[in-house]
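The values are calculated or read from the model by the stated rules, or taken from the named source; none is laboratory data. From a predicted model like this one, the values you see are computed outputs, not experimental measurements. In this analysis, Cβ positions are derived from the backbone assuming ideal geometry, glycine residues included, and neighbour counts consider all displayed protein chains. Surface areas here come from the heavy atoms of the whole protein model, side chains and all, with no ligands, DNA or RNA. Shrake-Rupley method; radii C 1.70, N 1.55, O 1.52, S 1.80 Å.
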Amino acid sequence: MKISQQDNKENVGCQKDNFQHHIKYRDALYIRVTLSFFMVGLSTFALLYFVQPILPILSSEFKISPAQSSMSLSLCTGLLALGLLVTGPLSDALGRKNIMVISLLSAAIFTFISAFMQSWDGILLTRALVGFALSGVAAVAMTYLSEEIHPNYLALSMGLYISGNSIGGMSGRLITGILTDHFSWRIATIVFSLFAFIAAIIFWRLLPPSQHFRASSVRPLFLWINFRVHLRDKGLPFLFMIGFIIMGSFITLYNYIGYRLLEAPYNFSQTMIGLLAFIFLAGTYSASKAGFLALKYNYSDILFIAICLMFIGIAITFFSPILLILLGMVIMTVGFFAAHAIVSSWIGKRAKRAKAQASSWYLFSYYGGSSIAGTLGGIFWSNWKWNGIIGFIIFLTSLGLIISIKLRKI
């Protein structure tokens, strides 16, 4: 028994030594890292989702269906998902910071070019390039945080990063709606490209270089071995599935709510559709709050509650009064951002090797959900209007609840 106690003390000591140089909550570098990733999260989601409130405008201008219009978002997130399979492993070999900076700069340039495209095919091409470029940010951000931040504060940091995502999504939708009403969607596109360019420069100057990065091979055999390790983990494959489900549900809601509210009896303007983005402030709160709760409670319990909120939220939008619709959107948004914050930090803790590759597979599933479910939602809308959207999302969130129950047993 004495030997076992001594071994245990040595193991605890080793763990403390392993993390004693990681960034902690009260360290000066913690503020720089938090501000850097808040900025990059804000600009990434703004570039991805600023087209969402103008999908009906694009349908009208280019004479295309809602499902075709949603391709401006779905193709972007789809190429982002595919790009993750390249940029994640690449960052394991080449490092973190430079790839994120180059990726954000490239996305800003492609967004600027898209403002001058006159054909729908040209719009889709540039949006696809934006998505592929942003994969270099999405794949590496989670990994940088999991490597540099002390494990005790990782969930909190991830929650603050995702809060930046929610504010970026909010500002993208809000500003686009206002600029489109007063100028045009092309002016809005130029504004966001310039903002992203400035954000990339600030991010480059503010973010500290990686201190705990260790280069690994990008040979296909090595990547395949790591992929098999991730798949054999008891929890990671289920977390990948959760990413697909929560993002697919969330993006379907926001892709098609504009079509509903532009029609009678609501007759919203584009500015009013853009103002719905203020709901994202609830997500900003819930993402950071979930990070704090993860310090005290079990990850799986918080995830289950978050998906329950998504289920309840979409069910409430069945009713016609606008206040109930808005309430349902708020509840679903709170649940989504809390779930995303928990799963994002959980991935970093469960992956024992090739963390960027594990994060990439999660985000591949996450943005795959945005691309596939976001487009499928157009079919449900065209055939069954809002009731079809509700049924589709309830099906997805029900699967999420089943998987989250499975995760509670692991």
* Structure fact -> quick shape note, region 279-338: Cα extents on principal axes in Å, largest first -> 39, 20, 11
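Per the Kirkwood treatment, what hydrodynamic radius in Å, one decimal, follows for region 263-407 from the mean inverse distance over all distinct Cα pairs? Mind dumping the intermediate values first?
Details: mean 1/r = 0.0606 Å⁻¹.
Its Kirkwood hydrodynamic radius stands at 16.5 Å.
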* In whole angstrom, how long is each semi-axis of the equivalent ellipsoid of region 58-159, when you take the square root of 5 times every eigenvalue of its Cα gyration tensor and sort them from largest down? -> 32, 14, 11
* To do: Just report the Cα centroid separation between region 164-209 and region 292-333, whole Å.
  => 27 Å
* To do: Average the reciprocal distances over every distinct pair of alpha-carbons in the chain, invert the result, and give the Kirkwood radius in Å.
  => 21.4 Å
* For Ile316, tell me the accessible area in Å² from a 1.4 Å probe, rounded to the nearest 10. => 30 Å²
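When the solvent-accessible surface of protein heavy atoms is calculated with a 1.4 angstrom probe, in what order do His182, His22 fall, highest first? Don't skip to the answer; put the middle values down first.
Values: His182 130, His22 20 Å².
My answer, sorted largest first, is His182, His22.
For each pair in Lys385/Lys406; Lys349/Lys406; Lys234/Lys289; Lys289/Lys352; Lys234/Lys349, compute the distance between the two Cα atoms and list the pairs where it is over 24 Å. Kindly include the intermediate steps, with their values, before the conclusion.
Values: Lys385/Lys406 33 Å; Lys349/Lys406 18 Å; Lys234/Lys289 27 Å; Lys289/Lys352 26 Å; Lys234/Lys349 13 Å.
Result: Lys385/Lys406; Lys234/Lys289; Lys289/Lys352 exceed 24 Å.
Over the chain, what is the mean sequence separation of C-alpha contacts under 8 Å (at least six apart), divided by residue count, expressed as relative contact order in percent? Intermediate results must be reported in sequence, preceding the final value.
Details: 738 pairs, mean separation 106.1, N = 410.
The value is 26 percent.
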* Asked: What do you get when you divide the Cα radius of gyration of region 81-137 by 2.2 N^0.38 Å, with N the number of residues?
  -> 1.21
* Scattering curve values for region 26-110, log₁₀ I(q)/I(0), Debye with Cα scatterers, q = 0.11, 0.13, 0.21, 0.24 Å⁻¹ -> -0.43, -0.58, -1.07, -1.21
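Tell me, what % of the accessible area of the chain is carbon and sulfur with a 1.4 angstrom probe?
On the way: 11680 of 17020 Å².
Using a 1.4 Å probe with all protein chains present, the chain comes out at 69 percent carbon and sulfur.
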* How far is it, in nm, from the label point at Ile187 to the one at Leu327 when both lie 7 Å from their Cα along the line to the Cβ? -> 3.8 nm
